[in-house]
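Peer 1: Just dropping this structure here.
A short reminder: the numbers here are calculations on the coordinates, not readings from a lab. Source: prediction; values computed, not measured. Glycine gets a Cβ as well: all are built from the backbone with ideal geometry, and neighbour counts include every protein chain shown.
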Amino acid sequence: MATSRKQERSIPLAYAERYREFAPALPGADLPWLKNLRQEAIARFSALGLPSPRVEAWKYTNLSTLAKQPFVPVDDADIAVSPADVAALLPPEDGPSYRMVFVNGRLRPELSAVGELPPNVRICGLAQALTDEPAQLEPHLGRVAALNGHALVALNTAFMEDGCLIQVPRDEALEAPIHLIFLGRPGATPPAYHPRIVVIAELGSRVTLIESHVGAGQGVYWSNPVTEIRAEPGAVVGHYKFQDEGPGAYHIARTDVALAAGSRYESFVMAVGAGLSRNEIRVALGGEGADCRLFGGYMMRGRQHVDNTTRIDHLVPGCTSRETYKGVLDNRSRGVFQGQIVVHKGAQKSDGRQLSRTLLLSREAEIDTKPELEIYADDVTCSHGAAVGELDDDQLFYLRTRGIDEAAARGLLIEGFMGELADEIGFARVRDRMLATVSAWLSERREEAA
Amino acid sequence: MTGTPDSMRAIESAVAEKYKYGFVTDIAAESAPPGLSEAIVRFISAKKDEPEWLLDWRLKAYRLWTTVQEREPTWAKVQYPKIDYQDACYYSAPISDADRPKSLDEIDPQLLATYEKLGIPLKEQEVLAGVAVDAVFDSVSVATTFKGKLAEMGVIFCPISEAVREHPELVRRYLGSVVPYADNFFATLNSAVFTDGSFVYIPEGVRCPMELSTYFRINAANTGQFERTLIIAEAGSYVSYLEGCTAPMRDENQLHAAVVELVAFDDAEIKYSTVQNWYPGDENGKGGIYNFVTKRGACRGRNAKISWTQVETGSAITWKYPSCILQGDNSVGEFYSVAITNNRQQADTGTKMIHIGKNTKSRIISKGIAVGRSDSTYRGLVRILPGADNARNYTQCDSLLIGEQCGAHTVPYIESRNRSARIEHEATTSKIAEDQLFYCRQRGIGEEDAVALIVNGFCREVLQELPMEFAVEAQKLVGISLEGSVG
């Protein structure tokens with residue numbers, strides 16, 4: 001009885017069973033601490049399996065189609081990609097950045113441009129760091145994104161082949177953003193890759209991270225990135241992500257953030273790509289006065305599936321959190337929003353607010369929302385709101401009376417709805433790119449209709 | 001440390017509040033031996049003189065239950081030691097069952113005295129309140145009043161076992177039609193062993209002339225109660241049904257797994273109100289009732305309306321989700337709830353609104369108040385199916401925390417598959433505002449009264465949905481769970 005029920009809760013993944021084959025080729029294979037970590041991770045994954053919808057946190061996102069794909073780890077980096085190929089997939093950058101380009105999860109130095117760094121700032125590839133200075137990574141890797149409970153973090157830890165280490169020293173304010181570009185390139189066999197990004201923002205430092213996930217091609221691939229961020233007291237971290245993977249892609253991302261006293265984390269995630277995507281963020285507010293802001297937008301069409309899952313833990317008194325997610329769902333697409341705020345015992349004066357709003361544009365679209373409050377302290381102010389609906393008839397009528405045709409009027413209203421998010425974004429370049437993404441999505445929709 | 005010393009004292013004494021209705025009436029009960037088996041199911045059915053089809057239905061449920069024993073739900077945010085279902089008694093009846101009383105005069109005086117202590121003076125109610133009372137004492141109904149008057153209008157209001165005998169075609173048609181025996185673990189158990197409960201049938205076009213009410217009691221030691229209530233409102237009819245409960249103090253945990261089914265046809269309305277004040281256990285969480293209830297209503301016709309109102313202050317554990325299936329076009333579902341938990345009580349309660357028909361509307365107002373070391377959870381589902389054009393839902397869940405050791409949680413699920421549906425959900429969690437307390441104190445209102453006043457205000461939207469008789473009791477109950485606060 002017990003075993004059959006356990007199987008219902010997990011989906012076997014053939015790919016993971018071949019771990020032994022691939023392990024020797026993974027970076028840092030000769031480091032005992034990393035070997036132990038990876039072995040613990042694969043053991044954890046084998047015990048958990050891929051979560052099935054019977055696992056509460058995965059109730060609305062079913063990975064069974066992913067499990068059926070014959071994924072293979074990326075074994076070689078010799079896929080030819082030119083700078084022009086990368087440029088074609090991204091809007092032009094309107095300012096300087098420290099730029100790193102990854103193809104199927106592997107860093108491509110020839111496409112990257114990190115350039116001159118201020119003293120003691122470290123921005124380097126993970127595989128390279130494991131070769132050159134593993135002692136730098138050892139105290140950080142797998143600490144914020146710990147193995148407990150989450151199968152896909154465990155899988156990432158076992159298989160991670162590359163990624164990025166970012167370390168900003170005390171009181172250093174890094175002006176230009178760090179731009180990480182992940183290019184997915186489906187091949188004859190569908191590739192799976194597991195990038196790991198490790199960010200340490202030391203006391204009073206400032207850093208801005210932009211992730212762009214893009215896909216070159218229609219085929220199937222699986223990106224399973226894990227980002228772990230530690231913000232020391234007073235540090236400010238901006239983290240912006242644009243997910244525009246190819247239509248055949250699975251994008252299952254997880255970000256873990258640990259915030260110390262007086263530190264601040266601002267996250268914005270814009271999702272328009274991938275066949276099936278999930279972006280999960282967990283923030284631990286672990287020092288008084290820590291502040292976290294999570295914002296997100298999604299625009300889906302066809303049969304796309306997008307899942308935004310967040311959990312904010314107020315562990316100590318006096319922290320604030322704000323969260324707003326907005327989305328538009330067309331055709332037969334499906335959106336999921338699960339947002340949990342947990343106020344732990346003793347975390348008095350916690351202030352947490354959350355909002356989720358969704359527009360359904362077609363008869364077949366579906367949204368599943370689960371905002372959740374779990375509160376164990378009495379002196380708190382916490383709230384959540386959720387709204388689901390279609391475009392407002394009165395607003396449409398108003399625009400029509402001004403001589404705007406229906407399609408254009410709808411476009412304007414959608415743009416206005418999503419545009420509200422821009423006000424929340426503290427970084428101007430990201431704001432502009434977000435608005436451009438919305439416009440591009442709408443014009444593609446118009447073209448499709450025409 | 002937060003809050004003024006005064007308010008902390010208020011909280012501490014609220015936590016120390018003893019259950020006021022704890023006593024045991026000693027009447028010889030004719031009980032089945034403890035344990036659950038096919039033989040017990042047959043025993044219950046035979047005791048009730050039931051037809052073959054009902055026994056078969058019970059046995060189907062029992063057989064299913066034996067195969068799903070490992071599936072006792074674990075998803076709710078409640079913790080309790082594993083229940084030994086073989087340790088409980090599944091049938092007990094007052095000895096006077098063999099010779100049923102025809103009127104109140106024939107009723108065991110000790111039993112009447114018990115009701116007196118509970119504040120349910122049957123005679124007074126009969127004369128003054130105009131309420132027909134179908135009092136369930138343990139598992140058998142012992143008195144039903146106002147039957148004559150109801151019968152004139154064609155309203156059937158009787159114990160379900162009587163309905164099985166007198167109106168088998170109605171019971172057979174509707175029993176299990178809203179909550180099938182395979183619905184969930186506790187509903188399956190109930191289907192196998194239910195002993196009593198109420199049956200209400202309102203004929204077409206009839207507006208039931210009085211509030212129908214039932215007081216449930218759990219008495220003989222080691223018995224759990226498994227009521228089954230079935231209410232059918234034919235087209236154009238209206239009924240308001242009240243259910244209220246208190247239970248004597250005792251130490252063993254008692255299982256209560258009731259099932260309530262409501263069916264409303266075209267233009268019919270059912271209003272179902274509950275005040276639940278069963279023994280919650282002592283301040284250390286010892287004893288208390290386990291209240292695992294399945295309540296569901298089906299709006300089968302156009303413009304049908306089902307409204308659930310509940311005030312939950314008792315039970316050690318509450319697991320209860322009164323729901324509405326909005327099948328008929330333009331049908332309406334409502335859920336108004338106040339849940340107060342104190343000491344070590346745990347409540348996981350909420351509702352499900354399933355929108356199937358066009359223009360269906362639902363409204364959810366939930367107020368949770370957690371005190372002491374208790375946990376209160378709202379868990380709800382709003383599901384809009386593709387055909388539910390122009391469906392509307394409004395949900396508001398507010399939680400109030402009193403004390404540093406309690407927890408309040410909100411777990412709403414919102415699933416929409418129709419773009420023309422509009423769903424709004426709001427939830428807040430906070431503590432009693434210092435400025436409100438200060439304002440009251442400044443006007444010479446005692447700390448304890450001020451807390452009760454503010455909490456009553458917090459619950460107002462729900463309490464005002466209750467019928468008069470209950471509104472008074474409910475307001476008193478809210479006060480009771482918070483009173484004795486100023487030393």
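Peer 1: Which trypsin sites (Lys or Arg not before Pro) in the stretch B:316-414 sit in a loop by DSSP (not H, G, I, E or B) and have at most 12 other Cβ atoms within 10 Å of their own Cβ? Mind showing how you got there, number by number?
Peer 2: On the way: sites: B:LYS320, B:ARG344, B:LYS352, B:LYS358, B:LYS361, B:ARG363, B:LYS367, B:ARG373, B:ARG379, B:ARG383, B:ARG392; in loops: B:ARG344, B:LYS358, B:ARG373.
Counting only loop positions with at most 12 other Cβ atoms within 10 Å, none of the trypsin sites (Lys or Arg not before Pro) in the stretch B:316-414 qualifies.
Peer 1: I would also like to ask the following. Under a 5 Å amide H to amide H cut-off, with H placed in plane at 1.01 Å, what residues pair with A:GLU372 once short-range neighbours are removed?
Peer 2: Counting only residues 5 or more places away or on other chains, the set is A:GLY339, A:GLN340, A:ILE341.
Peer 1: Something else now. Over the Cα atoms of chain A, compute the convex hull volume and normalise it per residue, giving Å³.
Peer 2: Numbers: hull volume 69.0 nm³, N = 450.
Roughly 153 Å³ of hull volume per residue.
Peer 1: With contacts defined as alpha carbon pairs under 8 Å and 6 or more residues apart, what's the relative contact order of chain A in percent?
Peer 2: Working: 1097 pairs, mean separation 41.2, N = 450.
Value for chain A: 9 percent.
Peer 1: Another question, if that's okay. Have a look at the protein assembly as shown and give its Rg and Dmax from the Cα atoms, expressed in angstrom.
Peer 2: Answer for the protein assembly as shown, Rg first and Dmax second: 30.8, 99 Å.
Peer 1: Go through the stretch A:342-355 residue by residue and turn each phi into a ³J(HN,Hα) via Karplus (6.51, -1.76, 1.60, θ = phi - 60°); whole Hz please, and just put x for glycine and proline.
Peer 2: Karplus values, whole Hz, x for Gly and Pro: 10, 9, 7, 3, x, 7, 5, 6, 6, 10, x, 9, 9, 9.
Peer 1: For the stretch A:38-99, which trypsin sites (Lys or Arg not before Pro) are both in a DSSP coil and crowded by at most 14 other Cβ atoms within 10 Å? Kindly include the intermediate steps, with their values, before the conclusion.
Peer 2: Details: sites: A:ARG38, A:ARG44, A:ARG54, A:LYS59, A:LYS68, A:ARG99; in loops: A:ARG54, A:LYS59.
For trypsin sites (Lys or Arg not before Pro) across the stretch A:38-99 that sit outside H, G, I, E and B with at most 14 neighbouring Cβ atoms in 10 Å, the list reads A:ARG54.
Peer 1: How would you rank B:TRP75, A:TRP441, B:TRP57, A:TRP33, going from fewest to most other Cβ atoms within 10 Å of each one's own Cβ?
Peer 2: Working: B:TRP75 9, A:TRP441 22, B:TRP57 19, A:TRP33 14.
So the ranking, lowest neighbour count to highest, is B:TRP75, A:TRP33, B:TRP57, A:TRP441.
Peer 1: Excluding A:GLY335 itself, what net charge comes from residues whose Cβ is under 9 Å from its Cβ, given Lys and Arg +1 and Asp and Glu -1?
Peer 2: On the way: positive: A:ARG334; negative: A:ASP307, A:GLU366, A:ASP368.
Taking every Cβ under 9 Å from that of A:GLY335, the sum is -2.
Peer 1: Per-residue HN-Hα couplings for the stretch A:168-182, Karplus 6.51 cos²θ - 1.76 cosθ + 1.60 at θ = phi - 60°, whole Hz, x for Gly and Pro?
Peer 2: So the J values, rounded to whole Hz, are 10, x, 3, 6, 7, 9, 7, 5, 6, x, 8, 10, 9, 10, 10.
Peer 1: Next up: Quick check on my link table: of B:LYS271/B:LYS431; B:LYS77/B:LYS431; B:LYS77/B:LYS352; B:LYS305/B:LYS358; B:LYS295/B:LYS431, which ones sit more than 23 Å apart, alpha carbon to alpha carbon?
Peer 2: On the way: B:LYS271/B:LYS431 31 Å; B:LYS77/B:LYS431 21 Å; B:LYS77/B:LYS352 17 Å; B:LYS305/B:LYS358 14 Å; B:LYS295/B:LYS431 30 Å.
In this structure, B:LYS271/B:LYS431; B:LYS295/B:LYS431 lie more than 23 Å apart at Cα.
Peer 1: Stick to the Cα atoms of the stretch B:226-384, pair each with every other, and give me the Kirkwood hydrodynamic radius in Å at one decimal. Let's see the in-between values first.
Peer 2: Working: mean 1/r = 0.0633 Å⁻¹.
Mean inverse Cα-Cα distance, inverted, gives 15.8 Å.
Peer 1: Divide by every residue of the protein assembly as shown the summed helix terms, -39500 (n - 2.57) for each DSSP H run of at least 4, and state the resulting mean residue ellipticity at 222 nm, rounded to the nearest 500 deg cm²/dmol. Write down the numbers at each step before the final one.
Peer 2: Numbers: 23 runs with 221 residues, N = 937.
Roughly -7000 deg cm²/dmol at 222 nm, from the helical runs in the protein assembly as shown.
Peer 1: Listing A:MET300, B:MET153 from the residue with the fewest other Cβ atoms within 10 Å to the one with the most, what is the order?
Peer 2: B:MET153, A:MET300
Peer 1: Follow-up question, since we're still on this one. Taking the stretch A:391-450 on its own, what percent of its Cα-Cα pair distances exceed 15 Å? Could you put the intermediate results ahead of the total?
Peer 2: Numbers: 957 of 1770 pairs.
Summing the P(r) of the stretch A:391-450 above 15 Å gives 54 percent of all pairs.
Peer 1: So which aspartates and glutamates can A:LYS241 reach, going by Cα to Cα under 15 Å and dropping same-chain residues fewer than 8 places off?
Peer 2: A:GLU93, A:GLU211, A:GLU228, A:ASP256, A:GLU266, A:GLU280, A:ASP307, A:GLU424, A:ASP432
Peer 1: Quick one: which residues, 5 or more positions from A:GLN348 or on another chain, have an amide H under 5 Å from its amide H? H modelled 1.01 Å from N in the peptide plane, none for Pro or chain starts.
Peer 2: Distant-sequence amide H within range of A:GLN348: A:GLY318.
Peer 1: May I ask you to sort B:THR309, A:THR437 by Cβ crowding, counting other Cβ atoms within 10 Å and putting the fewest first?
Peer 2: Values: B:THR309 27, A:THR437 19.
So the residues, fewest neighbours to most, are A:THR437, B:THR309.
Peer 1: Can you find, among A:VAL269, A:ALA249, B:ALA235, the residue farthest towards the positive end of the dipole of the protein assembly as shown? Put +1 on the C-beta of Lys and Arg, -1 on that of Asp and Glu.
Peer 2: A:ALA249
Peer 1: So how far, in whole Å, is the C-alpha centre of the stretch A:58-104 from the one of the stretch B:356-397?
Peer 2: 41 Å
Peer 1: Can you tell which of A:PRO92, A:SER46, A:LEU285 lies farthest toward the positive end of the dipole of the stretch A:2-285, using +1 and -1 charges on the Cβ of basic and acidic side chains (Lys, Arg; Asp, Glu)?
Peer 2: Value computed over the given set: A:SER46.
Peer 1: Here is a follow-up. How about B:LYS367: which aspartates and glutamates have a C-alpha closer than 16 Å to its C-alpha, ignoring those fewer than 8 places off in the same chain?
Peer 2: A:GLU372, A:GLU374, A:ASP378, B:GLU312, B:GLU334, B:ASP348, B:ASP375, B:ASP398, B:GLU426, B:GLU461, B:GLU465
Peer 1: Identify all aspartates and glutamates with a Cα-Cα distance to B:LYS82 below 17 Å; exclude those on the same chain that are fewer than 8 residues away in sequence.
Peer 2: Straight-line reach from B:LYS82, under 17 Å: B:GLU70, B:GLU72, B:ASP251, B:GLU252.
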